[in-house]
Structures are given as structure tokens and as C-alpha cells.
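The values are calculated or read from the model by the stated rules, or taken from the named source; none is laboratory data. These numbers were taken from a predicted model, which means no experiment stands behind them. As a convention, Cβ positions derive from the backbone with ideal geometry for all residues, glycine included, and neighbour counts pool all protein chains shown.
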Amino acid sequence: MTRGRFVAVAGVAGLAIVATIMGAAILVQGTQAGRYQDLTTLFQEFTTFERPELVNGAPDYTAAAMATQQAELKTYQARLAALDPTDWPVEQQVDHALVRAQMNGLDFNLRVLQPWARDPAFYKSLWTEKSDTPAHEGPTHHAVVEEWAYDFPLSTTDEARLARELASIAPLLTQARLNLVGNARDLWVTGVGTMQEQVAELRSLAERTASAGSELKQAIEAATTATGDFVAWLEAQASSKTGPSGLGKEQYSWSLQNVHLIPMTWEEEVTLLKRELARAHSSLRLEEQRNLGKPQLTAVADEAEYLQRANDAITKYMAFLRNRHVLTVTDYLEPALREHVGGFVPEATRSFFAIASHYEPMTLFAHFYHWFDHAWMREAPNASPIRRGALLYNVWDSRSEGMATAMEELILHTGYYDDNPRAREIVWIMLAQRCARGLASLYLQANEFDIKQAKAFQVEWTPRGWMSPDLDLLGFEQQLYLRQPGYGTSYVTGKALIDELIKDRAHQLGDRFTLRGFFDEFNAAGVIPVSLIRWQLTGQRDGVPGAK
């Protein structure tokens, strides 16, 4: 919809309703049921509307602009509500629920989360690495600069394009000083660190492009200066920020159910993650007992050994998936995984996941189901135009992170580590860490913890001291889960929903159930909430909050 113009939209049966929003008359008329084409058209218009207009080359997140968007969102929600998908095929009903979830995501951002007003990290622009998930984790603004997507050395055309993109940083940060009126202390303080990282990344970019033309050099310099000034402003304001950063249980549960379509409340997630934390610790102790007398794992000693073991693990893994009929292995999956083998990290600087992968690469690589997802989305896009790209507002998190986490344990149970039993211990350590950080994030969102307490809890309940207080990863994870409610639990919650779906589908199919058949239909559904995949595969929609 073009703002401020007359727009014809679908409405309830045989009625014409006129509403006035921000001075514009909106005509609502049409048939009750509508067509699937009406849904796809609405979705295309919504995704355009969702992007703020540009002011001085930067997205407009001012209070006035956000109030206007919040008012106009109601017309899109009304149009969606007027489409009755009851008689549509299940796949199209699922798409209707996906559109509603993303509209709810914008609604939640505008009403509650308000990252442009509460969260300085929202204004980070430069991204040096590709996210392993369908889109960036957590709230990001609409003019981010994807440095990782450029090939260096830059062509003349790419130099000019990168300079134009970087030019949005200074006006955006000028605007940010007016927009950031929140009092969320933990978000503010951690956001300072995020923006300091951007200063370092811009300086590194300047070094990489030392031979570039004057236009790009000036753009990098201006962006670096603007970011440095912004950091100084954030630091000067920090002492005045004294409020909590969590959203509270009620708002958290609303977002969980209505945006991420996870059929749980805050309290139910606490119960689940406590149980899974206990299961992980207990299973670790049982594995250790089982392995008494067996040699301990040894970490790789250098780059050559790391690459050898990592590539051997991928070779073994792909053969395992194929020969054990776990899922259909297409030609492009193995290259997608080999692009992300990583490299050797000295012991003193290893993060939690580097510790694991230097003992047994596959304990981490199993989580790299993410790169399979990227390959499937690129090589075999879903026919649905609504599922073709990354869903907004991290609506994909239960599927993306849940499946990546589920794969870690799935290959354990199907026999991948039968010849390396000590590696099974690492699988349980990784699950314990995911449960510990998820529980901490729940207490943080409920304002029962501050971020210091959340980090301490995560450290305490991660086995073998692999999560130490001084790891950068620790701060990154708890900051992300504070910024994006529900993300920290999605690994474990999504895995639990997938377990339930396997149970339901196996019960339906009986002897006709196969794991490969399950994952073929599961993956073909796209990277969408697990509750919706369950609906599509089983016909059961009782686990989809708000489904018609």
C-alpha cells in the first residue's frame, strides 16, 4: 500500500467499510473467502510496507514514522483477517498463518520491543560474516552493509556500491541519538560494545581497501568517525540508564506464541529446559561411565591436522547420511558444508564451539545443518512465494536452530559415533550448554536475572568449564537472547517440537515411516515454524497458536 493514497483492499462479505488512518480514506470491500493470489499479493505489499522510508539516505525510525507505521499496519491486518483460508489446501492455509505471524512480528516490534528506541546494537550496520541462519539473528535495521558478500579486491563498480551503502551510516547514527530514549541498562551497556566492534571492523575494511579510490576511502572514514562519535555518546549516556531490559513473562509469551508460533508459555519453556538440562548432565555422566578405561579424546595440534580431521569427518558424515538413509543427499550439500570447515584455533583463544570441534569436528558440523538449509533454499526453492526467502522477525528460529540442534543428537542415536564413543560425551556437553544459556535467557527476559547473573548461570551449568566467564561468545549469546526474546530457547524448544513431530508422523504412517522420507517432506516444507510443518505433514493444527 502506498501511504497517504486511496487503496482498495479485501474486506468482509458484501460490506464496504471506510476507515480513516493518518488522513487517508481506506476502502475495504470484497468477498469473504478471497483467493490464495490475494494472500500472495498482500504479502508482497506488506514486505514493501514493512521497510521504513529513507530520510537523508537512512531508514526512518523516528517516533513519528513508527507511529504512522503502527497505525497503517492495522489495514494490512484487517485485509489478512478478511481472507478466510478454511477451504484452501493445507499448504496455503499454512502460508496464511505465516503471513499473520510476520505481521504480528512487526506489531510486536512497534508496540513492545522497539529496538530503535531501546537497543543501541540495532544500529550496527557493517556485517563481516554471513549468518548461518536464513537471516541475521536478532533485530537489524533495513540498511545493513553485507561486507561478506563482496569479492575482494573490489571492482570499480563494487567500490562505488559499497561507498553508497556506507554513506547511510552517519545519518542513521545521527538519527539514533534522537530515537534512543529507552532506559534498558543491559541493552545499552552491551550495545556500546557492539558499536565499538563496528569501529574496529571499519578500520579493518580501510586496510583491506587501501588501494581503493577516494570515494570509498572517504565513505569508510566518515562511517568510522560517525561510529566513534556514537560510541562516545553512548558511553556518556550509560550512567543514566537504570531500568530492566527484559520484557516480562506476559509479553515474552505473547511473542513466543503469536510471532514464532511456538505453542508454549514462558513457564512451559522453563519446565522444558530444566528437564533437558537435567537429561544432558545425566546422559553425560552415563556416557563417561560407559567409557571408563577408553582413551580420552585428543585435540588437534595444528592447522594441517585440523583440516585433515575436519574434511575426513565431512566425508564420513555425508556417506553416513546417504548409506544409513537419514536424508536424501543431493550433489550440492557436501560443497555447502565444506565451505565452512573453519580452521585451527590456538588453545588459549578457543571458544566453546572451537573446543568441541577441535576434539571432534562433527559434534559442531552436525549443527551446520544450517548450511544445508541455505543450499536447499538456493538450489531447490519452495514453490510458495511466501516461503521462498527468509521470514521476517526470526519467525524461522524454531525450525532453523531446532533442527540444527536436533541433528547433533540424531546422528548420535543413529550410530555415527559408534566407532568414537568418547565423542558422544561432547554431544551432551553441547546440549547442556544450550539448555543453560536458554534458561538464563528466560530468567533475563523475566527480569529475574540481569545479564551478569545470566552469564554466571550459563557458565555454572556448562560442563567441564568449557564456557568461561571471559569468553566473548558468552557475552554475545546473552546479549542476542536479550535483544531477541525467544531465540535463546529456540534451539531446545524447536528440537522438542521436532521430536514430537517424528513421533506423530511415525504413528500416522506406521510401517511406512522412514527417516529419510520424513526428512524429505520436512525439508521440502521450507524453513518455517515447526508447528506449521506439523500441521502441513499431519493435518493437525492444534499446536499452531491462532490458526483458523
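Six or more apart or on different chains, Cβ under 7 Å: which pairs go from a residue in region 457-480 that's under 19 Å from E276 (Cα atoms) and in the same structural domain as R424 (by TED's automatic domain parsing) to one that's modelled with pLDDT under 95 and of a type in the set (G, A, S)? Could you list them?
Going by the 7 Å Cβ cut-off, the qualifying pairs are V459/S468.
Suppose the filter is touching a helix residue (DSSP H, G or I) at 6+ places or on another chain (Cβ under 6 Å), surrounded by 21 or more Cβ atoms within 10 Å (Cβ to Cβ) and not assigned by TED's automatic domain parsing to the domain that holds E408; does G543 pass it?
The answer is yes for G543.
In region 437-450, how many are surrounded by fewer than 24 Cβ atoms within 10 Å (Cβ to Cβ) and in a helix (DSSP H, G or I)? So that I can check it myself, show each step before the final result.
Here is the first cut: in region 437-450, the residues surrounded by fewer than 24 Cβ atoms within 10 Å (Cβ to Cβ) are 443, 446-450.
If we keep only those that are in a helix (DSSP H, G or I) as well, we get 443.
The total comes to 1.
Cβ-Cβ below 8 Å, separation at least six or inter-chain, first residue in region 321-348 and among the acidic types (D, E), second in a loop (DSSP other than H, G, I, E, B): which pairs?
E347/A299
Filter the helices (runs of 4 or more DSSP H) completely within region 57-173 down to those with at least 2 residues that are among the acidic types (D, E) and at positive phi.
none
Inside region 232-247, can you point out the residues that are surrounded by fewer than 20 Cβ atoms within 10 Å (Cβ to Cβ), in a helix (DSSP H, G or I) and not hydroxyl-bearing (S, T, Y)?
Within region 232-247, A232, W233, E235, A236, Q237, A238 qualify.
Does E267 satisfy being within 29 Å of the chain's Cα centre (by Cα) and not assigned by TED's automatic domain parsing to the domain that holds A354?
When the stated conditions are applied, E267 does not pass them.
Looking for something touching a helix residue (DSSP H, G or I) at 6+ places or on another chain (Cβ under 8 Å), in the same structural domain as A423 (by TED's automatic domain parsing), in a loop (DSSP other than H, G, I, E, B) and of a type in the set (S, T, Y) - is there at least one such residue anywhere in region 352-365?
no
From V300, V329, V341, grab the single residue that is of a type in the set (V, I, T) and farther than 30 Å from D470 by Cα.
The unique qualifying residue is V329.
Quick one: in region 270-302, of everything that is in a helix (DSSP H, G or I) and among the acidic types (D, E), which residue is farthest from the chain's Cα centre (by Cα)?
Step one: filter region 270-302 for residues in a helix (DSSP H, G or I), giving 270-290.
Filter again for among the acidic types (D, E), leaving 276, 287-288.
Values: E276: 21, E287: 32, E288: 33 Å.
In this case the residue turns out to be E288.
So in region 451-470, with the set limited to residues that are surrounded by 18 or more Cβ atoms within 10 Å (Cβ to Cβ) and not aromatic (F, W, Y), which one is nearest to G193 (Cα to Cα)?
By that ranking, first place goes to I451.
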